[in-house]
Each structure stands twice: as structure tokens, then as C-alpha cells.
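Peer 1: If you scroll down you'll find the structure; I have some questions about it.
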Amino acid sequence: MELKQLTNVRLIDVELSLSTKEEVIRHLISKLDEEGKLYSAELFYQAVMEREALSPTGLEAGLAIPHGKSKAVKSAAFAVAKLVRPIRDWESIDPSNEVELVFLLAIPEQEAGSTHLDLLAEFAKRLARVEYRKRLQQCRTAEEMYRALDEETREAIDAAAAKKTIVAVTACPAGIAHTYMAAEALEQAGREVGVAVYVEKQGANGIEDRHTEERLRKAEAAIFAADVAVKNEERFAHLPVYRTTVAAPLKDAKGVILKALEKAGKEGKREYEPAKETEPERVSWQTEVKNAILTGISHIIPIIVAGGMILACAVLIAQAFGLQQVYDTENSWLWMLRKLGGNMLGTLMIPVLSAYMAYAIADKPALGPGFAAGIAATMINSGFLGGMLGGFLAGYFMKWLKKQLPPKGAFSGFISFWLYPVIGSLVVGALMLFVFGKPVAGLNNALLEWLDNLSGSNAIVLGAILGVMVSFDLGGPVNKAAYTFCIGAMASGNFIPYAAFASVKMVSAFSVTAATLLFKRYFEEYEREVGKSTWILGLAGITEGAIPFMINDPLRVIPSLCIGSAVTGAIVTASQIGLNVPGAGIFSLFVLQGASLWKAGFIWLGAALIGAFISMVLLVATRVQKLKMQQR
């Protein structure tokens, strides 16, 4: 972007003698008005001062960039003032900033998402460079400053000659100005101190300038200058990481780099182990689909657990203290708790699932359309299946849109902040509401009706299948598939499958503990050690504790665990017991549905113990057979 296209010599004042922020802003607005850039100077002044009230426009190193978006602006422009005496009370990011160089940006309201953001980002990048600032501050005439606006005389230190390398990540909530300002400041400071600083920007357009394996391997330290969570943080596990705010490099980029190097000197770095996964564009569609589903589920688990437990607490309080009337009375405290938990499960869960599935496919631009798809799925009662479909639609549509219309050039800000979320949400929302959503809602209702009508042999078969899936790989993909099915059924209002799932999760742990403690002579010392702790993990609903036991003899252990688990699942589903609180472990005993508290608890826990006993017998029998074969 050429800055000179948006200003002229008459809009630049050098050696201006004014003493307050308001005077400077008024003076520059009058300049813009005289040049025919405004419809109304007073309306634009109000817009600028409203922006000043939101957050500081003073930066550091004597700079300030006040700006306003208004219908009073005819065409985008900016005016410049170089002050004789610095203004000390201009609100700034750096509290000690004394403003002596002011750029006032005037943006038409209809260009708020495009020219405004591009111009701010361009100023942020240029003014972060010390030599650029000095060149402007040394100008003695308006003509000289006008020429200097677009003169690029950056000093560069050859990265190959630098003694040390640092990788950095910058990220701010908006993902525009501060993300790029901080990146430019770090790179410039690195050149000045002889350190090669490579910065990955995690902004509105996703990850830009992603660090390569070579950079990560060579780096001495990492800098996270971020006010939001850093994506893919595991890539930096081998490096000492210096964490700070995104504004810190704007105040003292050299200091940030030196602190990172100091931390590297104290802690040192470990050997770099590159991630096994391939680049996103090389991932097969099957892997992409699986990752999207797992990403969505991982983000709804806290919502499901929190919402379910809050709802369960409300139910328990009502039952334990005889407060059923308070529980049913609208706007009472117990009713409010009940609604909080219920809305987390019923209103929030599906949109979050869709949004983060879409995010896994197409990064941040897909979040808005993903939420829209999830809300549409909720509106038409298409449940968990509709949420998953919406996530895929939003993710793949935004992935296609990003390829067809990449955010480049003067309209990059407009594309990222307006076109992507608006067009994506409209298209995906319409597809969900009027095309794909209703058939999926019908399928979801049919599945729900089938689940509701399960009884006798059908229920037993479903429970047995779930039991085998849970214990087949103890937390692996098959186990996760069973979990996804049960959560989907729960989202649709059927709680029986999850009750079976939760009971079966205890089988592998209990059986391994019982076999290794009661029949010690048949098992190695390390197997007995595993058995001592697996029962505790089982109480928490964690199946992975039995994995070390399974790895050494999978052909005998897996069938033994699956048979007992199938029996447990069949008993629970045949008994029509339900559970709507995920992740509660043994505490699920107190929130079971479908029978009285004691009866439901007896069946649920008893089924787990019966399955564990069967698996224990099979584990011991197969181990005895194995030992006899070895003796022959």
C-alpha cells in the first residue's frame, strides 16, 4: 500500500505548535475539511472522540494514530502533524509516551472493515521500524515528510549471519493491528541486536508465516507475545518459552528478546522431535473428517460435564431436601440452576460442536459459519447428527471459499472480517434450514424413536455392541466411536446408551485388578503393579489404565475384556437405566434414571461387577493356558 495516495502535502503540518490532544485533532480535521475529504467536520470530530474514549490511540516512541469511521467522511484520507512540543498527557499504550508525531485517519463508514484495517495495519508495520520513525521525525518540511512516507530504506541483518535464532508467535483478540505491530517490532529489534527472529502471526486469517521444522530445530528460544491462546503450542515443547502480552514488544522489543535469550541460557533447549502429522493440506479426507469430529467432541466435553453436573446437582438438592416445588417454580434459584445446566446441554452444546468441527477443517474463518450451522441444527431439532453435518458443511464451504477468494491486497480486512463470516453463515445456515437439515432431522428422530423403543433382544444387542467397542481398544478410535454415539443419543434425549457406556468403562479396570491381586502367581511383577492402580482409574471412568496390561498379550486380553464388557452393556440397556451426566465416574450412582435410586444403582454397579468377574475368569484362564503352552 502506498501511503501517499491517501494524503498530500497540504494535509501535512510540520513544526506545529499546539499543546493538547483536542487541539491537534481539531486542527487536522480542519485540514481534511479544507481539502474536501469531509461532509461535516463536527460529525467527524465526534466520531474521532468516541473512538478515543474506547482505548488509547497513543502508541510509544512519540507516536499517536487517532482515527474515526464516519458517514461524515467522503473518501479515505489521513493528515499528519509533527509537533514542536510533545504532548505528555495523550493516553497511550506506553504510559511514558510523549506524543510528537500524529497521524489522523479518516475512514468512510462503508470502508470500516477494509481500508480502515489495512491502513492501520500498514501504519503499525511501518512505524514499528526505528529507522522509518526517525526519518519522519527528522523531516523539516511538509514536502520532505510527504516524500519520506513511502521511502523504504530498511536495514537488514542477514539471518544466516545471526548468532542466535528465536521463533515467536504474536496474537491479539482482534487479530489485526497489534498482531502485526508486535511481529514487526520483534523482527526489527532482532535485526538491531543481531538475532534472527522469525514471527508467526496468528491473526484474523488464521496462522500466517507458519514456522518450519528447520526454524524450530535451529531456534534457541520461543517468544509468545499473545493475549489469546497460542495454537499448536506443542510444537515449541523443546524450547524455553518466554511469555508476554502482545503489547510488550511495542514498548520494548529488545527487552523481550533479551529476556527470552536469558531464559534460554538458564534452561537450555531439548532435542527437537518433529511432529509426526503431515501438513494440513496433505492430510487425507478420511483423517480430516476424523480430526474434525474429535476436535468438536473435545470442545463439547467440558460443556457436557459442567451442564450435566449442574443439572444433576439441582435434581439432587430438590430430592434430598424436599424442594421439588422450588425446583418447579419459574425464576426460583433452584429453577435457575436447572435451566443453566439444561441450556448448556440443550442450547450451547450443538453450536459448539459444529463450530469447532468447522474450525478444525478451515481454521478461524469457519467459526462464525460453524456456530450458525449449529444454531440452525438446534432450530430444526436435528440434534447431534445435524450438528455434525453443519460442522462439515461450514468447514468445507469455508475451506473452498478461502481458496477461491484468499484475503489478499487492499480488501484483505474486508474479506476476513465481513465477507467470510457473513457469506459463510448465510450459505451454511440456509443449507441447514432449507436443504440438508430437515432430512437429517428426520433421520435423527427415527434414530431416537428406535432407541426409545429398544427392549428385549434389541436392547441387549445394542448394549453388547457398545460394551465390546468400549473395551476393544481402551480409549482408542473404536472406544471414541462408542462415546460419540452415546453422546449423540444423549443430545437427542435418550440416556440409556450412556448409562451402559459408563458402567462398561469400569469392567476392564476392575477385572485387571482382581486377576492380578487374587491370582498373583500367574502374573509378572510389573503386571501386578499395573493392577494395583487400575481399579482407582476405573472408578473415575478411565479405561486407559489397563493398556499396559493389554499390550503384552492382546490376543488373549482383548477378547477377555470384551466378553465381560458385552455382558455388562447388555444388562444395563435391557434394564432401561439412563444416565444424563457424562464423566461422573462412580458418582453416576446418584443421578441414574429409569428406576429408584437404590434399584438403578444396584443394577448399574452390579452389571459392572458381573462383567468384571467374567473378564477376570477369562484373563486368568487364558493366562494359565499360555503358561502351560510355554512349559511344553
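The values are calculated or read from the model by the stated rules, or taken from the named source; none is laboratory data. In this text, all values refer to a predicted model and were calculated from it rather than measured experimentally. Cβ sites come from the backbone with ideal geometry, for glycine too, and all protein chains shown count toward neighbours. Please note that ligands, DNA and RNA were not included when accessible areas were found on the heavy atoms of the full protein model with its side chains. Shrake-Rupley method; radii C 1.70, N 1.55, O 1.52, S 1.80 Å.
Peer 1: So, of the residues in segment 107-134 that are open to solvent by 40 Å² or more (accessible area, probe 1.4 Å) and modelled with pLDDT of 75 or more, which turns out to be farthest from the chain's Cα centre (by Cα)?
Peer 2: 134
Peer 1: For segment 18-35, give me each residue that is of a type in the set (A, V, I, L, M, F, W, C) and either closer than 17 Å to residue 51 by Cβ or within 44 Å of the chain's Cα centre (by Cα) (or both).
Peer 2: Initial filter on segment 18-35 (of a type in the set (A, V, I, L, M, F, W, C)): 18, 24-25, 28-29, 32.
Once the filter is applied, which keeps residues that are of a type in the set (A, V, I, L, M, F, W, C) and either closer than 17 Å to residue 51 by Cβ or within 44 Å of the chain's Cα centre (by Cα) (or both), segment 18-35 yields 24, 25, 28, 29, 32.
Peer 1: If we keep just the residues of segment 138-181 that are of a type in the set (S, T, N, Q) and closer than 25 Å to residue 55 by Cα, which is modelled with the lowest pLDDT? Reasoning before the result, please.
Peer 2: Within segment 138-181, the subset of a type in the set (S, T, N, Q) is 138, 141, 153, 165, 170, 179.
Of the ones still in play, those that are also closer than 25 Å to residue 55 by Cα are 170, 179.
Details: 170: 90, 179: 77.
Result: 179.
Peer 1: For the subset of segment 595-632 comprising residues that are of a type in the set (D, E, K, R) and farther than 30 Å from residue 580 by Cα, which member is modelled with the lowest pLDDT? Write out each step before concluding.
Peer 2: Quick first cut of segment 595-632, residues of a type in the set (D, E, K, R) only: 599, 623, 626, 628, 632.
Going one step further and asking which of them are farther than 30 Å from residue 580 by Cα, we end up with 623, 626, 628, 632.
Details: 623: 91, 626: 87, 628: 86, 632: 69.
Taking the candidates together, the pick is 632.
Peer 1: Same structure again: Suppose the filter is modelled with pLDDT of 85 or more, open to solvent by 10 Å² or more (accessible area, probe 1.4 Å), part of a helix (DSSP H, G or I) and out of contact with any Ser or Thr (no Cβ under 9 Å at 6 or more places or on another chain); does residue 556 pass it? Break it down into steps so the answer makes sense when it comes.
Peer 2: Details: modelled with pLDDT of 85 or more: yes; open to solvent by 10 Å² or more (accessible area, probe 1.4 Å): yes; part of a helix (DSSP H, G or I): yes; out of contact with any Ser or Thr (no Cβ under 9 Å at 6 or more places or on another chain): no.
In short, no.
Peer 1: Going residue by residue through segment 506-524, is there one that turns out to be open to solvent by 60 Å² or more (accessible area, probe 1.4 Å) and touching a residue at least 24 places away in the same chain (Cβ under 8 Å)? Break it down into steps so the answer makes sense when it comes.
Peer 2: Of segment 506-524, the ones open to solvent by 60 Å² or more (accessible area, probe 1.4 Å) are 517-521, 524.
Now drop any that are not touching a residue at least 24 places away in the same chain (Cβ under 8 Å), which leaves 518-519.
Yes, segment 506-524 has at least one match.
Peer 1: Taking residue 218 as the residue in question, decide whether it is open to solvent by less than 60 Å² (accessible area, probe 1.4 Å) and among the charged types (D, E, K, R). Let's see the steps before the verdict.
Peer 2: Numbers: open to solvent by less than 60 Å² (accessible area, probe 1.4 Å): no; among the charged types (D, E, K, R): yes.
So residue 218 does not fit the description; no.
Peer 1: Oh, and also: In this structure, does residue 528 turn out to be surrounded by fewer than 24 Cβ atoms within 10 Å (Cβ to Cβ), at pLDDT 85 or above and more than 18 Å from residue 467 (Cβ to Cβ)?
Peer 2: On the way: surrounded by fewer than 24 Cβ atoms within 10 Å (Cβ to Cβ): yes; at pLDDT 85 or above: no; more than 18 Å from residue 467 (Cβ to Cβ): yes.
Answer is no for this residue.
Peer 1: I want to confirm something. Restricting to segment 47-89 and keeping residues that are hydroxyl-bearing (Ser, Thr, Tyr) and in a loop (DSSP other than H, G, I, E, B), which single residue is least open to solvent (accessible area, probe 1.4 Å)?
Peer 2: First, pick out the residues of segment 47-89 that are hydroxyl-bearing (Ser, Thr, Tyr): 55, 57, 70, 75.
When the remaining residues are screened for being in a loop (DSSP other than H, G, I, E, B), the result is 55, 57, 75.
Numbers: 55: 47, 57: 5, 75: 46 Å².
By that ranking, first place goes to 57.
Peer 1: For segment 576-632, what are the residues that are open to solvent by less than 40 Å² (accessible area, probe 1.4 Å) and at positive phi?
Peer 2: Once the filter is applied, which keeps residues that are open to solvent by less than 40 Å² (accessible area, probe 1.4 Å) and at positive phi, segment 576-632 yields only 585.
Peer 1: For residue 542, only one of the following conditions fails: (1) assigned to a helix (DSSP H, G or I); (2) among the β-branched types (Val, Ile, Thr); (3) surrounded by fewer than 22 Cβ atoms within 10 Å (Cβ to Cβ). What is its number?
Peer 2: (1)
Peer 1: Here is a further query. Kindly indicate the residue of segment 371-403 that is modelled with pLDDT of 90 or more and among the aromatic types (Phe, Trp, Tyr) and also farthest from residue 3 (Cα to Cα) among those meeting that condition.
Peer 2: Residue satisfying both the conditions and the ranking: 392.
Peer 1: Mind checking which residues of segment 404-417 are assigned to a helix (DSSP H, G or I), modelled with pLDDT under 85 and surrounded by fewer than 16 Cβ atoms within 10 Å (Cβ to Cβ)?
Peer 2: Kept after step one, since they are assigned to a helix (DSSP H, G or I), are these residues of segment 404-417: 404, 409-417.
Right, trim to modelled with pLDDT under 85 and you get 409-417.
If the condition is that a residue be assigned to a helix (DSSP H, G or I), modelled with pLDDT under 85 and surrounded by fewer than 16 Cβ atoms within 10 Å (Cβ to Cβ), then 409, 410 are the ones that fit.
Peer 1: Here's another thing I want to ask about it. Taking the condition of being modelled with pLDDT under 85 and open to solvent by 10 Å² or more (accessible area, probe 1.4 Å), how many residues in segment 90-106 meet it?
Peer 2: Residues meeting the conditions: 7.
Peer 1: Going by the conditions given, is residue 198 of a type in the set (Ser, Thr, Tyr) and open to solvent by less than 60 Å² (accessible area, probe 1.4 Å)? Can you show your working first?
Peer 2: Values: of a type in the set (Ser, Thr, Tyr): yes; open to solvent by less than 60 Å² (accessible area, probe 1.4 Å): no.
No.
Peer 1: With respect to residue 5, determine if the residue is modelled with pLDDT under 85 and either open to solvent by 70 Å² or more (accessible area, probe 1.4 Å) or within 14 Å of residue 103 (Cβ to Cβ) (or both). Show your work before the answer.
Peer 2: Details: modelled with pLDDT under 85: yes; either open to solvent by 70 Å² or more (accessible area, probe 1.4 Å) or within 14 Å of residue 103 (Cβ to Cβ) (or both): yes.
For residue 5, the condition - modelled with pLDDT under 85 and either open to solvent by 70 Å² or more (accessible area, probe 1.4 Å) or within 14 Å of residue 103 (Cβ to Cβ) (or both) - is met.
Peer 1: Can you tell me how many residues within segment 320-334 are surrounded by fewer than 12 Cβ atoms within 10 Å (Cβ to Cβ) and hydroxyl-bearing (Ser, Thr, Tyr)?
Peer 2: 0
Peer 1: Among the candidates 308, 368, 383, single out the residue that is touching a residue at least 24 places away in the same chain (Cβ under 8 Å) and open to solvent by less than 10 Å² (accessible area, probe 1.4 Å). Break it down stepwise before answering.
Peer 2: Details: 368 fails: open to solvent by less than 10 Å² (accessible area, probe 1.4 Å); 383 fails: open to solvent by less than 10 Å² (accessible area, probe 1.4 Å).
308 is the lone residue from the list that is touching a residue at least 24 places away in the same chain (Cβ under 8 Å) and open to solvent by less than 10 Å² (accessible area, probe 1.4 Å).
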